[in-house]
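Chemist: Next up is a structure, given as structure tokens.
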Amino acid sequence: MPPIISIRSLSKTYANGFKALDDVSFDIEEGEILALLGPNGAGKTTLISIICGMTNPTAGSVMVAGHDVVTEFRKTRGEIGLVPQELTTDMFETVFNTVSFSRGLNGKKADPALIEQILRDLSLFDKRNNALRELSGGMKRRVLIAKALSHEPRILFLDEPTAGVDVALRKDMWQLVERLRKTGVTIILTTHYIEEAQEIADRIGVIDKGRLLLVENKDALMRKLGKKQLAINLQAPIAEIPDSLADWDLTLNDAGDQLLHNYELGSNDAHIGRLLQALEAAGVRFDDLSTRQTSLEDIFVSLIGAKA
Ligand SMILES: Nc1ncnc2c1ncn2[C@@H]1O[C@H](COP(=O)(O)OP(=O)(O)OP(=O)(O)O)[C@@H](O)[C@H]1O
Ligand SMILES: [Mg+2]
């Protein structure tokens, strides 16, 4: 199957001369969930705006379902639902009308039963006759999602869907994303919560300063960049690591009472057994051992050099 979105050598320089995207190329497959990670100002929203046809690229191209987003805007926009990062909606309109109107804007026939179902799925049905200004922040965010789904798009963009929402709503959103995936919708989300990407994405893309640093299957990424760390708590502090242990990747903490050893995720138990024998032979006594596996967050921080 051809990719549903194809991004080629995409660059964007804003009118003030700022280069927000720099030669970005990758494909998005139909039905996948892609999480875009990157610090503030990395270019995530810019990338989404270009794919959605709201911002023109300076160079390069984007095809959505086989159509160019600039020259065939109407065709590509109809395939896409966008939940924007910023809330911009008429606050005096009711929930039902707002969502229904959104469907009309995308050129689809009115379908009150469908709108009702979407509102039920998002736990907004009880508020259907309330004006938007009467809703809480989290509910307004759900209205944005309802609007994006109102015209039954094949592709859904969620730009920071869970920023500032409570834990319960975040979990609700994850479930909604999972339900949508089952219906075959392709989902691209940006998030600052790395655990969120770890939880729901099939693939992870990392953007920094307008450049795509990597885009990879989540499990493959964890295998490739993930490491395990063994912490060895010593019975008595030592001044330095004995020479006989020089071949092992070991670091001693400042207090001298803990050794840390990094090793590949795929290493077998015998590896640790040999290390413990070497410690024994060197006369280094320990109380206990613990292991920790690198998280996606560790990988991200090592790539970007800062937190998202
Ligand atoms: N209209 C504009 N004119 C000039 N510069 C812009 C414009 N829009 C965005 N930028 C700049 O482009 C860069 C990327 O912005 P963008 O909104 O794409 O980042 P982001 O990755 O979505 O960040 P965040 O995580 O904060 O939402 C930023 O430095 C921003 O200041
Ligand atoms: Mg953004």
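The values are calculated or read from the model by the stated rules, or taken from the named source; none is laboratory data. Values in this document were obtained by computation on a predicted structure and should not be read as measured data. Note: ideal-geometry Cβ built from the backbone for every residue, glycine included; neighbour counts use all protein chains shown.
Chemist: Picking from Asp243, Asp247, which residue would you name as being acidic (Asp, Glu), touching a helix residue (DSSP H, G or I) at 6+ places or on another chain (Cβ under 9 Å) and outside the structural domain of Val185 (by TED's automatic domain parsing)?
Modeler: Being acidic (Asp, Glu), touching a helix residue (DSSP H, G or I) at 6+ places or on another chain (Cβ under 9 Å) and outside the structural domain of Val185 (by TED's automatic domain parsing) holds for just one of Asp243, Asp247, which is Asp247.
Chemist: I'm trying to understand the selection: among the residues of region 201-254, which are of a type in the set (Lys, Arg) and without any contact (Cβ under 8 Å) to a residue 12 or more places away in the chain?
Modeler: Lys224
Chemist: Ok, one more. Tell me yes or no: at least one residue of region 105-119 is among the small types (Gly, Ala, Ser) and touching a strand residue (DSSP E or B) at 6+ places or on another chain (Cβ under 7 Å).
Modeler: Among the residues of region 105-119, not one is among the small types (Gly, Ala, Ser) and touching a strand residue (DSSP E or B) at 6+ places or on another chain (Cβ under 7 Å), which makes the answer no.
Chemist: Checking the condition without any contact (Cβ under 8 Å) to a residue 40 or more places away in the chain, among the β-branched types (Val, Ile, Thr) and outside any helix (DSSP H, G or I), which residue from Thr71, Thr55 passes?
Modeler: Among Thr71, Thr55, only Thr71 is without any contact (Cβ under 8 Å) to a residue 40 or more places away in the chain, among the β-branched types (Val, Ile, Thr) and outside any helix (DSSP H, G or I).
Chemist: From the list Ser25, Ser6, Ser11, pick out the single residue that is within 16 Å of ligand 1 (Cβ to nearest atom), in a strand (DSSP E or B) and either of a type in the set (A, V, I, L, M, F, W, C) or modelled with pLDDT of 95 or more (or both).
Modeler: Every option except Ser11 fails the conditions.
For every residue, the table says whether it meets (1) without any contact (Cβ under 8 Å) to a residue 24 or more places away in the chain; (2) within 16 Å of ligand 1 (Cβ to nearest atom).
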{"site": "Ser49", "(1), (2)": "yes, yes"}
{"site": "Val62", "(1), (2)": "no, yes"}
{"site": "Arg77", "(1), (2)": "no, no"}
{"site": "Met91", "(1), (2)": "no, no"}
{"site": "Asn97", "(1), (2)": "yes, no"}
{"site": "Leu119", "(1), (2)": "no, no"}
{"site": "Arg128", "(1), (2)": "no, no"}
{"site": "Arg133", "(1), (2)": "no, no"}
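Chemist: If Gly81 satisfies every condition in (1) of a type outside the set (Asp, Glu); (2) within 18 Å of Val185 (Cα to Cα); (3) in contact with a Pro (Cβ under 6 Å, 6 or more places away or on another chain); (4) within 16 Å of ligand 2 (Cβ to nearest atom) but one, which is the exception?
Modeler: (4)
Chemist: With the structure loaded, tell me whether Pro84 is at pLDDT below 90, assigned by TED's automatic domain parsing to the domain that holds Ala197, within 15 Å of ligand 1 (Cβ to nearest atom) and closer than 30 Å to Tyr193 by Cα or whether it fails that test.
Modeler: yes
Chemist: Sticking with this structure for a sec: Quick check on my filter: what residues within region 91-120 are surrounded by 12 or more Cβ atoms within 10 Å (Cβ to Cβ) and part of a loop (DSSP other than H, G, I, E, B)?
Modeler: Scanning region 91-120 gives Met91, Glu93, Asn106, Lys108, Asp111.
Chemist: Could you check Leu82 against (1) closer than 18 Å to Ala148 by Cα; (2) part of a loop (DSSP other than H, G, I, E, B) and say which number it fails?
Modeler: Among (1) closer than 18 Å to Ala148 by Cα; (2) part of a loop (DSSP other than H, G, I, E, B), the lone unmet condition for Leu82 is (2).
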